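Data first, discussion second: the structure below is written as structure tokens.
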Amino acid sequence: MPETAAVSIRNLSKSFDGTEVLRDVSLEVQPGEVVSILGSSGSGKSTLLRCINWLEQPDRGDIRIAGDRIGVSDSGKPMSRRELAGMRARLGMVFQGFNLWPHLSVLRNVTEAPIHVQGLSKTEADERAMALLEKVGMADKREQYPYTLSGGQKQRVAIARALAMQPKVMLFDEPTSALDPELVGEVLGVIKDLSKEGYTMVLVTHEMEFARAVSDQVVFLDKGIIIEKSHPSEFFENPKTDRVRRFLELEAPAV
Amino acid sequence: MSNWDILWSSYDVFLSGFYNTLKLFGLSAVLAFLMGSAMVFLLEGSRPRLKVPLRIFIDGMRMLPFLILAYLLYYGLPSAGIRMSAWTAGIIALVIYHGAYFAEILRGCRATFAQGQVEAAIAQGFSQPQMFMRIILPQLILKTRGLLGNQLIILLKDTAFLVIITVRELTAAASSLSSTYFIPMEAFIVVIGFYWLISIGLELFIKMIGRFGAKRGFENA
Amino acid sequence: MDSSAWGLLIQGAWTTLWISGISIAIGVVMGLLIALLRVAKIPVLHQLLGVYISLARATPLVTLVLFIFLTAPTMGINLNRNVAGIIALTLNTTAFNAEIWRSAFNNFSKEQREAALAIGMTPWVYFRRIMLPQITITSLPGLVNEMSFLIKGSPAIAVIGVVDLTRVTNRISAVTYDPLPPILAAAVLYMLIISLLVWLQRLAERKASRLAV
Ligand SMILES: Nc1ncnc2c1ncn2[C@@H]1O[C@H](COP(=O)(O)OP(=O)(O)OP(=O)(O)O)[C@@H](O)[C@H]1O
Ligand SMILES: [Mg+2]
């Protein structure tokens, strides 16, 4: 019997006000795997990612996290808020705009959910948070408040915050798109370290070279449909469709 | 004996008035703030069910003088079979009236929030009430502290209206002393001094929150 | 409620309106004068006015009305209730208006003054023709907002026996023995008055924002 997929998406469809944004999307992410989702603007990448943790509700299809269905309980009814919160806590999400909570210090941003959602004691949460802040290189800034940090620093804290819930899967939605070019590297470096440590990750990005280097699987979305799903070397060197070829020429002339 | 000596000899009247005003103010400030926050919480979510009734309630209160509401509760409701003491009617009126104003202040600020912070909390598994209490409300307080402070001072001043429905508060104390001894000037100077003191205390308190906010990069709203 | 009750109610509304109206009119002008004096930063006077504003803003209207009405006779002045009410409301609203005017002055750009003096305007002409019109427009939304607050505070004059829109409900119920209808009717009338002011405030805001561009 094959190992249970960390994320399994089957026949997912979603429309906004009558326009289909995702059409019959299916995708499996194995534990330890890094999957990059590429595609041009408006192709539905963020929507796909946001469906995985039910920030958007799909119209059709089902999504399982480590075998358990999200959004719909066993009885077939929509999940209660509490059940949903429990499922979401298994997924860590990092946003393009960081979304740190400005009234809390760096350390408290990281410990907030472990203490108040998972019910950890303050000491346990602090310990866990400090280890993670160490990992992302932000331990010395623990007492500072978000407004004093650079974009790259904020994003590293946001990554530590998501990791603090010890999620089964990390979701990244263009984590470096809002950063000045010279700050992109420090964030990508952290994500790369995580991939080496065996974290399961789904990553939406416009950084082609990075996607090529860290991914085990690359998925290309076009108008809400997955038109290619392959190994990065295959994807970048030997795209099967003209659509991807054109995309690669535009996005990454160097590759 | 000078007028001031007469006043001094009845300092207990002032003290009890002062105490009553503080009690009225403190109790209703806390309850009104809770009520305002609760209303803003009920407005959370994409399609809040209570949006229309709350809007009507808040706008309605903002178009009424405080005293007419106190009249309604104290003189009006008994004809509908609901009777309460002047003190109870006063507190309820203060809470309902200023609750609506607090709600409006907080709601206005809530509308300016970026959705991202809230999504980050939902994505981490916070429940709606937890998220509101821990993520939204603290920021609302830091951002609206100036307006909240003004509203608290208005609430303090509105407690004086309750003398008209016979509540024994600070202004009632001055009024009764001045009519007993015919020394209105001195009695009222003392009482106005009391109000001034509480207002200054409130302003200091808001400044304190301001320092707390400045440390977190919240400029005064 | 019968027609005589409605008649009384309208009389009460009229009392509220004329007493508040006079206080507002005086308060707006006095507020401007005080703001000018404060902007000039004349020593001692500046501090005194500061204390007045701080005190007036902290004193409940009810307390102020009682203070004035009860104190005047002890100084040999015989005040009629209405006049005492007007003085109290005016002292209160003037303080708030002074701060509204003052912040408009403080935010006014200095360059316009140089431009005006350079083309030969006297300071007085500059003030009257250039500065005041603009400052009036930027202050107007705040001033109208303060008018709503004054109307909402005006029932304070009931405490010295002025029969305004609030107190008249006691009069009516003394005859009908049913206070609820007149109180509700008074509430509706207050809502009408305040919503008119809110509407005016919106107009003023639109005008002010056009000036800001
Ligand atoms: N909440 C929403 N309501 C209505 N339409 C939406 C909503 N969210 C996304 N859309 C629309 O769905 C489509 C896909 O959006 P999505 O954000 O998933 O694209 P994307 O691939 O992430 O693009 P980008 O690279 O610009 O981030 C777009 O046309 C967008 O306008
Ligand atoms: Mg996107």
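Below is a table of values for the structure above.
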{"read-out": "Output for region A:147-204, where each listed residue is more than 16 Å from ligand 2 (Cβ to nearest atom) and hydroxyl-bearing (Ser, Thr, Tyr)", "value": "A:Tyr147, A:Thr148, A:Ser150, A:Ser195, A:Tyr199, A:Thr200"}
{"read-out": "Region A:167-189 residues that are within 12 Å of chain B (Cβ to nearest Cβ) and of a type in the set (D, E, K, R), paired with ones that are within 16 Å of ligand 2 (Cβ to nearest atom) and part of a helix (DSSP H, G or I) (beta carbon under 8 Å, 6 or more apart)", "value": "A:Asp173/A:Lys45; A:Asp173/A:Ser46; A:Asp173/A:Leu49; A:Asp173/A:Arg50"}
{"read-out": "Hits in region B:156-199 - residues which are of a type in the set (Ser, Thr, Tyr), in contact (Cβ under 8 Å) with a residue 24 or more places away in the chain and facing another protein chain (nearest Cβ under 8 Å)", "value": "B:Thr159, B:Thr171, B:Tyr195, B:Ser199"}
{"read-out": "Residue identified as over 28 Å from A:Asp242 (Cα atoms) and aliphatic (A, V, I, L, M) among A:Leu91, A:Leu48", "value": "A:Leu91"}
{"read-out": "Pick from region B:119-136, criterion more than 8 Å from chain A (Cβ to nearest Cβ) and open to solvent by 20 Å² or more (accessible area, probe 1.4 Å), ranking: modelled with the highest pLDDT", "value": "B:Met133"}
{"read-out": "Criterion violated by A:Gly152 - all others in (1) touching an Asp or Glu at 6+ places or on another chain (Cβ under 6 Å); (2) within 30 Å of A:Asp24 (Cα to Cα) satisfied", "value": "(2)"}
{"read-out": "Output for region A:187-232, where each listed residue is away from ligand 1 (no atom under 14 Å from the Cβ) and open to solvent by 60 Å² or more (accessible area, probe 1.4 Å)", "value": "A:Lys192, A:Asp193, A:Lys196, A:Glu197, A:Glu209, A:Arg212, A:Ala213, A:Asp216, A:Lys229, A:His231"}
{"read-out": "Residues located in region C:74-94, provided they are free of Cβ contacts under 8 Å to residues at least 24 places away in the same chain and closer than 25 Å to B:Leu67 by Cβ", "value": "C:Leu79, C:Asn80, C:Val83, C:Ile87"}
{"read-out": "When residues of region A:1-18 are limited to those that are away from ligand 2 (no atom under 16 Å from the Cβ) and assigned to a strand (DSSP E or B), the one farthest from the other protein chains (Cβ to nearest Cβ)", "value": "A:Asn11"}
{"read-out": "So C:Leu66, is it within 24 Å of C:Val168 (Cβ to Cβ) and either within 14 Å of chain B (Cβ to nearest Cβ) or among the hydrophobic types (A, V, I, L, M, F, W, C) (or both)", "value": "yes"}
{"read-out": "Evaluation of C:Gly76 against (1) in a helix (DSSP H, G or I); (2) more than 22 Å from B:Ala173 (Cα to Cα) (one fails), failing number", "value": "(1)"}
{"read-out": "Residue within region B:106-118 that is touching a Ser or Thr at 6+ places or on another chain (Cβ under 9 Å), buried (at least 21 other Cβ atoms within 10 Å of the Cβ) and more than 24 Å from A:Pro114 (Cα to Cα) present", "value": "yes"}
{"read-out": "Unmet criterion (only one of (1) of a type outside the set (Asp, Glu); (2) under 30 Å from A:Phe247 (Cβ atoms); (3) within 14 Å of chain B (Cβ to nearest Cβ)) for A:Tyr199", "value": "(3)"}
{"read-out": "Any hit, region A:57-79, residues being of a type outside the set (Gly, Ala, Ser), within 14 Å of chain B (Cβ to nearest Cβ), over 24 Å from A:Val244 (Cβ atoms) and surrounded by 20 or more Cβ atoms within 10 Å (Cβ to Cβ)", "value": "yes"}
{"read-out": "Positions within region A:144-179 being at negative phi, assigned to a loop (DSSP other than H, G, I, E, B), away from ligand 1 (no atom under 16 Å from the Cβ) and open to solvent by 10 Å² or more (accessible area, probe 1.4 Å), in sequence order", "value": "A:Gln144, A:Tyr145, A:Leu149, A:Ser150, A:Pro167, A:Lys168"}
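Residues checked against (1) surrounded by fewer than 17 Cβ atoms within 10 Å (Cβ to Cβ); (2) closer than 18 Å to C:Ile53 by Cα; (3) modelled with pLDDT under 95:
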{"residue": "C:Leu64", "(1), (2), (3)": "no, yes, no"}
{"residue": "C:Pro73", "(1), (2), (3)": "yes, no, yes"}
{"residue": "C:Ile87", "(1), (2), (3)": "no, yes, no"}
{"residue": "C:Phe96", "(1), (2), (3)": "no, yes, no"}
{"residue": "C:Ala104", "(1), (2), (3)": "no, yes, yes"}
{"residue": "C:Glu111", "(1), (2), (3)": "yes, no, yes"}
{"residue": "C:Ile119", "(1), (2), (3)": "yes, no, yes"}
{"residue": "C:Tyr126", "(1), (2), (3)": "no, no, yes"}
{"residue": "C:Met131", "(1), (2), (3)": "no, no, yes"}
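Residue-by-condition table, conditions (1) within 30 Å of C:Val83 (Cβ to Cβ); (2) of a type in the set (Lys, Arg):
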{"position": "C:Ile160", "(1), (2)": "yes, no"}
{"position": "C:Arg171", "(1), (2)": "yes, yes"}
{"position": "C:Val175", "(1), (2)": "yes, no"}
{"position": "C:Pro181", "(1), (2)": "no, no"}
{"position": "C:Ala185", "(1), (2)": "yes, no"}
{"position": "C:Tyr190", "(1), (2)": "yes, no"}
{"position": "C:Lys207", "(1), (2)": "no, yes"}
{"position": "C:Arg210", "(1), (2)": "no, yes"}
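The values are calculated or read from the model by the stated rules, or taken from the named source; none is laboratory data. Model, not experiment: these values are computed from the prediction. Reconstructed Cβ throughout: ideal geometry from the backbone, glycine too, with neighbour counts over all protein chains shown. Accessible surface is based on the protein model in full, side chains and every heavy atom, while ligands, DNA and RNA are left aside. Shrake-Rupley method; radii C 1.70, N 1.55, O 1.52, S 1.80 Å.
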